[in-house]
1. Which condition does Arg102 not pass, out of (1) out of contact with any helix residue (DSSP H, G or I) (no Cβ under 9 Å at 6 or more places or on another chain); (2) basic (Lys, Arg); (3) within 14 Å of Thr126 (Cβ to Cβ), if it passes all the others?
2. Looking only at region 89-98, decide whether some residue is surrounded by fewer than 19 Cβ atoms within 10 Å (Cβ to Cβ), modelled with pLDDT under 95, assigned by TED's automatic domain parsing to the domain that holds Ile57 and not aliphatic (A, V, I, L, M).
3. Checking the condition under 22 Å from Glu184 (Cβ atoms) and either at pLDDT 90 or above or surrounded by 18 or more Cβ atoms within 10 Å (Cβ to Cβ) (or both), which residue from His72, His147, His64 passes?
4. Which one is nearest to the chain's Cα centre (by Cα) among residues in region 179-201 that are of a type in the set (Gly, Ala, Ser) and at pLDDT 80 or above?
5. Does region 53-69 contain any residue that is under 22 Å from Arg8 (Cα atoms), among the aliphatic types (A, V, I, L, M) and assigned to a strand (DSSP E or B)?
6. Which number in (1) of a type outside the set (A, V, I, L, M); (2) closer than 30 Å to Asn193 by Cα; (3) in contact (Cβ under 8 Å) with a residue 24 or more places away in the chain; (4) in a loop (DSSP other than H, G, I, E, B) marks the one condition that Gly100 misses?
7. Considering only region 73-84, I want to know if a residue exists there that is without any contact (Cβ under 8 Å) to a residue 12 or more places away in the chain and either not assigned by TED's automatic domain parsing to the domain that holds Leu131 or not charged (D, E, K, R) (or both).
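The values are calculated or read from the model by the stated rules, or taken from the named source; none is laboratory data. Computed from a prediction, not measured in an experiment: that's the story for all the values here. Cβ sites come from the backbone with ideal geometry, for glycine too, and all protein chains shown count toward neighbours.
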Amino acid sequence: MSDNQRIRLKVLGISYSQIQSGAYALILAQVDGPYRIPVVIGASEAQSIAIRLESIIPPRPMTHDLFVSFAHAFGVKLKEVFIYKFEDGIFSSELTFTDGERTIVLDSRTSDAIGIALRTKSPIYTTKEILDETGFILEETTADDSHRQVEEEMETESPKLENYAVEELERTLEKLIAQENYEEAAKVSEILNRKRNGGRH
């Protein structure tokens with residue numbers, strides 16, 4: 001498939017899935033376009049992606065960190081992620097790796113592919129057909145607005161945290177990271193960033 005038929009995507013954020021209880025929606029956004037694609041993922045994958053988005057460094061490497069370290073140790077680089085199929089509500093992805101001489105394509109769960117792509121800053125693509133079938137346009141189409149929507153959902157989940165002082169939030173964040181509770185840590189980090197930047201509470 002030629003590049004002009006492929007759509008470049010970026011990771012916008014994670015919100016609680018309205019479709020499936022106990023699951024999360026990974027929101028992918030069309031680069032230079034209005035479309036968003038929701039990908040339903042599990043809690044552990046959401047946690048791995050969230051801590052990367054929030055630049056939280058876990059005390060021990062998570063599975064995706066370990067995979068990336070292993071690949072780098074052997075001189076293998078991830079060239080790209082390609083979400084090539086959507087069937088029965090499931091997205092299928094391919095990872096293209098190279099060691100400079102050989103290029104190998106591996107099948108992957110989309111959540112794992114994104115988790116690895118975020119850590120290697122690799123491009124993510126999909127097809128126009130998948131975008132047409134699964135994409136939606138938000139009324140508010142800027143990245144800031146979309147991020148705010150995710151923040152608002154987080155606020156409804158943890159209203160008490162909004163009342164914490166910055167120092168209390170910092171202590172809470174440290175404690176959650178030590179406990180390896182990255183899902184809650186990502187929420188606290190969001191609120192902490194807003195308070196530090198003088199955002200609305």
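1. Result: Arg102 fails condition (3) only.
2. Yes, region 89-98 contains a residue that is surrounded by fewer than 19 Cβ atoms within 10 Å (Cβ to Cβ), modelled with pLDDT under 95, assigned by TED's automatic domain parsing to the domain that holds Ile57 and not aliphatic (A, V, I, L, M).
3. On the way: His72 fails: under 22 Å from Glu184 (Cβ atoms); His147 fails: either at pLDDT 90 or above or surrounded by 18 or more Cβ atoms within 10 Å (Cβ to Cβ) (or both).
Testing whether each residue is under 22 Å from Glu184 (Cβ atoms) and either at pLDDT 90 or above or surrounded by 18 or more Cβ atoms within 10 Å (Cβ to Cβ) (or both) leaves just His64.
4. Our first condition is that a residue be of a type in the set (Gly, Ala, Ser); within region 179-201, this holds for 185-186, 189, 198-199.
Narrowing the set further to residues that are at pLDDT 80 or above leaves 185-186, 189.
Details: Ala185: 15, Ala186: 12, Ser189: 15 Å.
Filtering first and then ranking leaves Ala186.
5. There is no residue in region 53-69 that is under 22 Å from Arg8 (Cα atoms), among the aliphatic types (A, V, I, L, M) and assigned to a strand (DSSP E or B).
6. Among (1) of a type outside the set (A, V, I, L, M); (2) closer than 30 Å to Asn193 by Cα; (3) in contact (Cβ under 8 Å) with a residue 24 or more places away in the chain; (4) in a loop (DSSP other than H, G, I, E, B), the lone unmet condition for Gly100 is (2).
7. Step one: of region 73-84, the residues without any contact (Cβ under 8 Å) to a residue 12 or more places away in the chain are 73.
Going one step further and asking which of them are either not assigned by TED's automatic domain parsing to the domain that holds Leu131 or not charged (D, E, K, R) (or both), we end up with 73.
Yes: region 73-84 contains one or more residues that are without any contact (Cβ under 8 Å) to a residue 12 or more places away in the chain and either not assigned by TED's automatic domain parsing to the domain that holds Leu131 or not charged (D, E, K, R) (or both).
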